[in-house]
Each structure stands twice: as C-alpha cells, then as structure tokens.
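Each remark here refers to the structure printed beneath this line.
The values are calculated or read from the model by the stated rules, or taken from the named source; none is laboratory data. Fair warning: this is a prediction, and the values are worked out from it, not measured in the lab. Neighbour counts are summed over all protein chains in view; Cβ atoms, including those assigned to glycine, are modelled from backbone coordinates with ideal geometry. Calculation scope for accessible area: heavy atoms of the full protein, side chains included, ligands and nucleic acids excluded. Shrake-Rupley method; radii C 1.70, N 1.55, O 1.52, S 1.80 Å.
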Amino acid sequence: MKTLQCSAMVLACFASVPTQSSAELAIVSDCAKLNQQIYPNSVSEFFLDAGDTLAFSTVSGLPVIVQVYIPTTKEPIYVTLPSTYTAVTGGPHAVVSYGKIAVVNTIAVNVSPVIVSMTCTPAGSGGTGTGQSNANAQSSNIMAGIGMAGAMREGGAQASKTNLFAGVEGDGGAFVWGHVDYSSFSGDAEGDSLGLTFGIDRTYGDVRYGLVLSNETSELDGDTVRSLAFGPYVSGSAGGLDVDAYVALARVEYDATALVGERVQYGLRATGEVVTAFATLRPTAQVTGYSEDLDGDTNTATQLSLGSRIEFAETAGGFMPYLNLAYEANRSTTAGVTSEFSAPRVGLGVRNQMGAGTLTFDLDFGSVADGIKDVGVGLSYSQSF
C-alpha cells in the first residue's frame, strides 16, 4: 500500500510506492489512456515507460506546481506548469499536485487549491517531442529546398554552416538539386536534426513539376526518430504570387519503441512582393502538416505561418540588410490528446556581393515543438556556374 504525508503550507511530501511490474500495479498502466484529474494535496500513481511524457494543464491557467515522485531514485522532481515531464526510466511513478503557489521567504507555499488535468503521450508517438520536431524539420527542409531550386533555376550552389544547397540543369531541361540541413534544439529537451533532401524537376510553361526524396534523422534527449519521405511537388506563379506545394509519403522509425509508422505530410506556401520607397516586402503565408498512423493511433499536426521578409536598400558599402518576421501557430493530436502552441520566428541578416558571388550571414530564432526552441546561424556563399 502507498502512504502519503503532505504539509498544508510547505511543499514537503514523502511518498512510498512499492517497486513492482506494470502487470502487478492496480493503477493505470497504459500511457495513452492516462487522462485524469489530480486534486490538491492528493496523489496519483501509475506506470510509465521510458520516454513517456506527462502534460499538465488547468482550466484557470494559474501557475501550478506538481511533484513527480520516482520511487527508484527516491528523488522528487518539481514541475511548474506549463512544463512537461518525460520519464527517463520505466517504472511506477506518483504525482502530487500543490495547486497555485507563491514564494514566501524563499519557501514555496500553497496559497489556493487548483485541480490539475494530466495526460500522457507515449514515447516516440510522433505528436510531440522528437516525432513532431522530426516532421517539422523535414517539412521545413523540403520547402526550403524547393524554394532555393526555384531561385537558382539556372544552376548554382549555396553553402552554409547549417545547410548546403547545390543544383544543376541538364541539357534536356531537367533541374537536379540537393539540400543538406542541420538544426540544433534546446529548451525542455536538447538534441539536433540532420536532413538530406534531393529533388528533380522540369518546367512546362511557367510551372515546375518535380519529385522530392528526403531523409531526416532527429534526436532529443537520446530518443531518435528517422523518416524517409518521397513525393511530388509543384512550383510556379498564380495571381501575382509565387506558389510552392508538395505532398509526400514517409516511413517513420522510432528507436525508443521500435515502432514504425506511415506519415503523409504536405506543405503549401504563397509569397508576394510589395516594393516601397524604403524596403521591399515579401509577405508569405505557409501551411504544413502531417497525418501519421502509428501503433493503431492516427496522430496529426498542422502549422500555419504568417510573416514577411523585409529587404532594405543597399548601404554605401554594398550591404543589403534584411529582416524575417513570422508567427507560427501549431495544433497536434497524439493518441487522442490535442495540444496547441504558438511562437514567433525572427530572422535577421545581411548580404553583400563578393567577387563573382554573394556572401550572406543570418540568424534565425524559433520553435519546432512546444518548449523546444531552435536557433540557426548561417554563413553562406553562393555563385552561379
């Protein structure tokens, strides 16, 4: 039997939970079915596998603290909402809610009772964490590759510390290109993602029709996801806008659970141009998303991005500064649990003609998943050949 002792004011709690297998626990043992409320100063006990992620929320949105107790380590972990908790090792866990908190003389105290809702996302589920980061990074790399291929249709190369792009047009009119991209993640989890994307297209009239093949490997806190995607894309102009679109079928492998999923992912982007006296504005609207079948569940996610690139006039030294501003709204459903998050994306840089090519330096800040930020630093040189 479990025992619990909690002070009414000071956040001190001591729990004792027996060490036993998932089958022996008379509690919820399926992470995907874990959907319950935790009342202030009460305890909830359940079994987690390594990589399972708990998410906590309240109707009021008040700042709330919960304590995740792991019997095997005897060390409590305090989680302040809206942060999440990911199990490092499998085994029985217990959660205690303390409600809304305040700090008095460096001591955290419970100042009002709050009911906390708790859900669980299975390890490697694809809707959050590594899976969502993998899908977002792959879509971003595919869209970037298609865009760069259009900009360098006559043949060229662009190299960077974070990406490499190269393309060449054959005598028959087909354009072949390759794009390598590396991203670094930080925040609630740390890791990186490496993408390798190839494409081939041909222009008919004013529209490019092509095929894309992309491989993306993402890692967050030791959890690795690999996806291989293949599908068609188109790129052209419509109504004064540059339009790019693709759809691809991906095979997704999750190392932590040895599960294999099938993902259908897509992207659509429209970009305009507005020339003013002080700058050229390139407003952009983009939507990307996916639907993935994994272990009997269908996980989905959609991202809407609205923003603009602002290119300022060249300075006396030939430098052209620019600013990228966008706001990204994300909605995902994993194992029946829906979550939303939104975040700005800001980029700034400068380019300058150097020799026969163009040198570009830029910084980019954004988020690829809830609580997981990405920062990019680019130093590139492009030259047609």
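In order along segment 261-269, the Karplus-derived 3J(HN,Hα) couplings, from 6.51 cos²θ - 1.76 cosθ + 1.60 at θ = phi - 60°, round to x, 10, 10, 9, 10, 8, x, 9, 9 Hz, and Gly and Pro are given as x. Normalised by the number of residues in segment 248-383, the mean separation of alpha-carbon contacts (under 8 Å, six or more apart) gives a relative contact order of 14 percent.
Under a 5 Å amide H cut-off, with hydrogens placed 1.01 Å from N, TYR233 pairs with GLY210, LEU211, VAL212 among residues at least 5 apart or on other chains.
Taking a probe of 1.4 Å, how large is the accessible area per residue of segment 238-385, in Å²?
Here the residues of segment 238-385 average 52 Å² of exposed surface.
Close amide H contacts of ASP370 (hydrogens built in the peptide plane, cut-off under 5 Å, sequence separation of 5 or more or a different chain): GLY129.
What is the calculated FRET efficiency for VAL260 to ASP221, with r their C-beta to C-beta distance and R₀ = 22 Å, to the nearest 0.05?
0.55
Dimensions of segment 294-364 from C-alpha coordinates, computed as largest minus smallest value along each principal axis and given longest first, are 59, 22, 13 Å.
For the pair THR302 and VAL377, label points projected 7 Å from Cα toward Cβ lie 3.8 nm apart. In terms of accessible area, using a 1.4 Å probe and ignoring ligands and nucleic acids, TYR327, TYR246 rank largest first as TYR327, TYR246.
Residue ranges 197-205, 282-290 sort as 282-290, 197-205 when ordered by packing (mean number of other C-beta atoms within 10 Å per residue, highest first). Sparse packing (at most 12 other Cβ atoms within 10 Å of the Cβ) combined with a DSSP loop state is found for none of the GluC sites (Glu not before Pro) in segment 239-280.
One chain, two ends: ARG345 and PHE365. Fully extended at 0.36 nm per residue, the span grows by 6.6 nm beyond their Cα-Cα distance. For the set VAL337, VAL275, solvent exposure ranked by accessible area (probe 1.4 Å, protein chains only) runs largest to smallest as VAL275, VAL337. Extension gain, ASP295-LEU281: 0.36 nm per intervening residue step, less the Cα-Cα distance, totals 0.5 nm. With the simple model of a label 7 Å out from the Cα in the direction of the Cβ, GLN37 to ARG251 spans 4.6 nm. Taking VAL95, VAL247 and ordering them by how much accessible surface each has at a 1.4 Å probe, largest first, produces VAL247, VAL95. Here's how it looks for VAL375: its modeled amide H is under 5 Å from those of SER184, which are all 5 or more places away or on a different chain.
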